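The values are calculated or read from the model by the stated rules, or taken from the named source; none is laboratory data. Predicted model, so just to flag it, every value in this text is computed and none were measured. A quick note on method: Cβ atoms are made from the backbone with ideal geometry, for glycine too, and the neighbour counts reach across all protein chains shown. Only protein heavy atoms, including side chains, enter the accessible area calculation; ligands, DNA and RNA are left aside. Shrake-Rupley method; radii C 1.70, N 1.55, O 1.52, S 1.80 Å.
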Amino acid sequence: MRAIQVSQFGGPEVLRLVDLADPQPGPGQVVVQLHAIGVNPVDTYIRSGAYGDRPMPYTPGTDAAGEILRVGEDVKDWKVGDRCYLTGSQTGSYAQQALCLTSQIQRLPAKITYQQGAALYVPYSTAYRALFQRGQARPGQWLLIHGASGGVGVAATQWARAHGLRILGTAGTEEGLKAVLEQGAHHALNHRSENYRQQVAELTGGNGPDLIVEMLANVNLQHDLDMVAKYGTIVVIGNRGTLEVNPRGAMSKEADIRGMSLFNTPPAEMAQIQAAIVAGLEAGFLNPVVGREFPLEEAAAAHKAVLEPGAMGKIVLVPN
Ligand code: NAP
C-alpha cells in the first residue's frame, strides 16, 4: 500500500510517500481500506517535533473513514465491506490502509460520505468534550465559539445549536463568516475586526457569553476574561504560544478557565462521545463540512493549508 512516512522531524517536506507491506489483522483487529483521511493541526505539531520524541519512521494521522478490508479470525461484530470511521489506529491514517483494534472503529451511517467521516474523530470529539464534559454547556446559555469556521468550530456550532445554546461564532474571512451562519450560529463576528468584542457585549445584553470555547488562547485569553459573563467558563481548546494575563478578571467574575485535551479523555467518557456522534449523525444535526481535498501524495500541501488563515470546514486527504 501507499502511505506517508516521516523519518525525521521537520517542515511539511519531511512527509514522504512510500510503499509499505499491506497490514494484516491479528486477534481483535481489522484492516480498513481508507477512502478519506482527516488532517488536523495536531498532525503538524507532532511532525515538527513539538510534541516530543517518537519512534521513527512513523505514519501520521488519527482520523479517517473507509470500509473493512480484512478481519482478524476472532472478530465477530465487523465484516468485510462494513463502513466505519476511525478513532485512531495502530499504523497511522495517512495511508491507503490502516490496522485498527475493533475499539478504534465506529459505524459510519450510510448518509455520511467517507470525506465527512474523516472529519469526525478529533473535531467532533473535541467539540463535544469542550462543550459538554469540560464546559458543562446548558440550553439557553450564550456561547462564544472563538474560531467557529474550522474543523472543531463547525462541529461545536452544530452540537451547540442542537442543544439550544445561543451561539456567537467567529471567523476571519467572508467565506468563513457565511459558513458559521450556515452551520447554525445565531450571529457571525469577524475576529480580525476592531470592534467584534464590543459586538459580543452588545449582543449578550452587556453580560457577555456564559461559555467561551477558545481556539487560539495565546491571542485571546485576556480578551476572553474581559468578555466572559460573571460565573462564566472559558474552555481552552487551542493554544500556540504564551501571553501575559491579568487574573483579576477570573477573580472578580468568579470565572473558570478550564483546559481540555482530547487525548486525556477517560475511556468511559470517550465511549459517551462516540455514542453521541453516531446518534447525532443518524438524527441529522451533525453534518461535517469538508472545505478542501488533497490527494494523499500532497500531504505536505495539506499541512501548509491547515495552518493558514481562512479556515472553512475540514481538510481531507484522498488516498486513491
Ligand atoms: P482549523 O480547522 O485550522 O480552524 C482554526 C480556527 O481558528 C478557524 O476558525 C480560524 O478562523 C480560527 N482562528 C484563527 N485566528 C483566530 C483568532 N485570532 N481568534 C479566534 N479564532 C481564530 O483548526 P481546528 O481543527 O478547528 O482546531 C482549532 C484549534 O484547536 C487548533 O489550534 C488545534 O490544534 C486545537 N485543537 C485542540 C484539541 C485538544 O484536544 N485540545 C483538539 C483539536 C484541536 P479563520 O481561519 O477564519 O481566521
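Quick look at the values:
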read-out: Qualifying positions in segment 1-40 - closer than 19 Å to Pro319 by Cβ, within 27 Å of the chain's Cα centre (by Cα) and outside any strand (DSSP E or B); value: Met1, Pro12, Val14, Leu15, Pro23, Asn40
read-out: Residue among Gly151, Gly169 that is open to solvent by 10 Å² or more (accessible area, probe 1.4 Å), of a type outside the set (A, V, I, L, M) and within 9 Å of the ligand (Cβ to nearest atom); value: Gly151
read-out: Checking Ala36 against (1) more than 28 Å from Leu108 (Cα to Cα); (2) within 16 Å of the ligand (Cβ to nearest atom), the condition it does not meet; value: (1)
read-out: Filter result for the condition that a residue is assigned to a loop (DSSP other than H, G, I, E, B), surrounded by 13 or more Cβ atoms within 10 Å (Cβ to Cβ) and not assigned by TED's automatic domain parsing to the domain that holds Ala155, over Ala311, Ala300; value: Ala311
read-out: Options Leu286, Leu317, Leu216; residue that is within 25 Å of Asp43 (Cα to Cα) and either open to solvent by 80 Å² or more (accessible area, probe 1.4 Å) or touching a Lys or Arg at 6+ places or on another chain (Cβ under 7 Å) (or both); value: Leu216
read-out: From Ala255, Ala301, Ala271, residue being within 18 Å of Ala127 (Cα to Cα), more than 15 Å from the chain's Cα centre (by Cα) and either within 16 Å of the ligand (Cβ to nearest atom) or at pLDDT 95 or above (or both); value: Ala271
read-out: Strands (runs of 3 or more DSSP E) lying entirely in segment 177-275 (those with 2 or more residues that are touching a residue at least 24 places away in the same chain (Cβ under 8 Å)); value: 211-214, 233-236, 256-259
